[in-house]
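Report on one structure; see the data block that follows.
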Amino acid sequence: MNAPLPPLLPTYNRSPLRFARGEGAWLIEEDGTRYLDLTSGIGVNALGHAHPALVATLTDQAQALWHVSNLYQIPAQENLAQALVGATFADTAFFTNSGTEAAELAIKMVRKYWHDAGESRPTILTFEGAFHGRSTGAIAAAGSDKMTHGFGPLMPGFRTLPWGDHDALRAALDDTVAAVMIEPIQGEGGIRPLPEPCLKGLRDLCDQTGALLVFDEVQCGMGRTGRLFAHEWAGISPDIMLVAKGIGGGFPLGAVLANARAATGMTAGTHGSTYGGNPLACAVGAKVVEIMTAPGFLDDVSRKAGQMRQGLEALVASHPDIFELVRGKGLMLGLKCRKPNTDIVRAAEARHLLTVPAADNVIRLLPPLTITSDDITEALARLDKAASTL
Ligand SMILES: *Cc1c(COP(=O)(O)O)cnc(C)c1O
């Protein structure tokens with residue numbers, strides 16, 4: 001006989017914490033206990049919890065219209081697409097409900113482009129430590145044993161290269177390669193940034209062979225690094241970009257942005273989504289983009305990032321037995337640990353500070369971009385106390 005199952009499929013090892021409300025960078029339990037949140041729901045609540053403008057936008061849209069399907073014109077979707085096209089390299093946008101659906105469309109777009117070009121380009125290059133979501137395509141793309149074990153046969157057409165190995169990349173990037181898909185800063189992989197010269201070099205290599213360059217900015221995009229998208233720091237653009245997490249501020253929303261060349265094959269009937277880009281999601285997304293692109297917002301992210309980085313460097317210096325180094329950009333920061341990262345996450349939780357473990361023994365700090373300087377000071381003090389108890 002099979003063991004009894006809980007009503008929720010047990011695919012997560014959850015903390016016992018149960019939150020009833022959120023305010024800015026704080027999560028609050030039913031009994032009023034407050035936790036300082038440096039997780040933002042894994043980089044999703046980019047404007048914090050219960051941001052008044054997002055609550056008002058969602059409430060207004062909820063009273064007017066929730067859903068009509070993509071059979072009809074959706075003004076909120078057009079507005080959001082216009083805002084994203086105006087603020088980025090992209091000529092066009094398609095909206096999804098999640099990051100993994102964005103990855104699926106990006107893969108389809110790449111394949112269709114080369115199909116229509118009449119060239120056989122069977123391979124998409126990806127990188128060790130990558131995370132593109134949990135769909136069959138996204139796990140095949142990332143290729144790690146942890147995500148793919150037991151789920152074969154895997155979708156063919158991906159080749160995973162070591163992270164940061166220029167020679168391997170140069171050798172692999174021939175004219176059978178359809179695209180290179182990469183996170184400018186790996187999130188789940190342990191906050192591993194690709195240095196700006198590498199991003200530029202990657203663009204050059206793709207241009208030499210015609211391969212499409214696909215950036216997965218699901219975690220590092222939407223203001224997280226102090227620019228609207230992380231690749232902007234390198235002064236180059238991808239052909240296709242995956243967006244999700246922060247763009248909905250907590251409402252499920254993702255997008256694929258593409259330039260005209262990459263999107264040529266995606267004509268009527270080639271792709272679709274019932275929910276994707278519905279009025280509720282797009283009204284919220286447009287408000288998020290409006291707030292993030294308002295003058296001063298991203299400068300403020302960079303200023304707070306400086307404060308946080310400086311504090312973390314000091315923390316590493318004062319606890320060299322626990323922390324090894326700080327890495328990342330903006331408010332996407334990772335502390336590489338010498339003690340098991342999960343022990344440190346638990347010790348921080350005991351001090352009512354929430355952080356996220358990542359691969360490579362890193363703890364991730366992804367505070368709301370709206371976190372105050374005082375809350376950063378408080379978070380650093382709690383992390384210091386947590387480290388002292390270990
Ligand atoms: C979270 C994440 C995804 C998957 O997004 P979901 O919304 O969970 O499907 C894809 N890529 C990156 C870089 C992510 O961090």
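Label separation (residue 67 vs residue 146): 3.3 nm, computed from points 7 Å beyond Cα along the C-beta direction. Extension gain for residue 155-residue 196 works out to 11.6 nm (0.36 nm per residue, less the C-alpha to C-alpha distance). Relative to the longest principal axis of the Cα atoms of the chain, the long axis of helix 99-117 makes an angle of roughly 20 degrees.
Annotation: aspartates and glutamates with alpha-carbon distance below 17 angstrom to residue 287 (same-chain offsets under eight excluded): 60, 78. Per-residue extension of 0.36 nm, minus the Cα-Cα distance of residue 3 and residue 346, leaves a gain of 120.6 nm for this segment. Check cross-link reach from residue 339 to the aspartates and glutamates: straight Cα distance under 19 Å, and skip same-chain residues fewer than eight apart. Leaving aside aspartates and glutamates fewer than 8 places away in the same chain, those within reach of residue 339 are 188, 313, 321, 324, 349, 360, 384.
Extension gain for the segment residue 290 to residue 115, taken as residue separation times 0.36 nm less the Cα-Cα distance, is 59.3 nm to one decimal. For the stretch 53-292, with all protein chains in place and a probe radius of 1.4 Å, 55% of the accessible heavy-atom surface sits on carbon or sulfur. Taking all protein chains together and a 1.4 Å probe, the residues 148, 176 rank 176, 148 from largest to smallest accessible area. Suppose we keep just the DSSP beta bridges with both residues in the stretch 53-292; what percent of those would be antiparallel, to 5? DSSP beta bridges in the stretch 53-292 are roughly 40 percent antiparallel. Note that the stretch 359-364 has calculated 3J(HN,Hα) couplings of 5, 6, 6, 10, 9, 9 Hz, one per residue in order, obtained from phi through the Karplus relation 6.51 cos²θ - 1.76 cosθ + 1.60 (θ = phi - 60°); glycine and proline are x.
The angle between the Cα long axis of helix 52-64 and the main principal axis of the chain comes to about 50°, on a 0 to 90 degree scale. Considering every alpha-carbon pair of the stretch 53-292, the percent of pairs per 5 Å bin, from zero through the bin containing the longest distance, is 1, 7, 14, 19, 20, 17, 11, 7, 3, 1, 0, 0.
Going by a ≥ b ≥ c, the root eigenvalues of the Cα gyration tensor, does the stretch 181-267 fall in the rounded group (a/c under 1.5), the prolate group (a/b larger than b/c) or the oblate group? Taking the square roots of the gyration eigenvalues as a ≥ b ≥ c, the stretch 181-267 is oblate. Can you tell me which lysines have their Cα less than 29 Å from the Cα of residue 200? Leave out same-chain residues fewer than eight positions away. Within the straight-line limit of under 29 Å, residue 200 reaches these lysines: 108, 112, 245, 304, 329, 336. Express in % the proportion of alpha carbon pairs of the stretch 1-101 at distances exceeding 18 Å. That fraction is 70 percent.
Between residue 174 and residue 92, the distance separating the two model label sites (each 7 Å from Cα on the Cα→Cβ line) works out to 3.2 nm. Note on residue 390 and residue 53: the model spin-label points, each 7 Å out from Cα along the C-beta direction, lie 3.7 nm apart.
The values are calculated or read from the model by the stated rules, or taken from the named source; none is laboratory data. The structure displayed is predicted, hence computed values, not measured ones. Every residue, glycine as well, gets a Cβ built from its backbone with ideal geometry; the counts of neighbours run over all protein chains shown. SASA here: full protein model, heavy atoms, side chains in, ligands and nucleic acids out. Shrake-Rupley method; radii C 1.70, N 1.55, O 1.52, S 1.80 Å.
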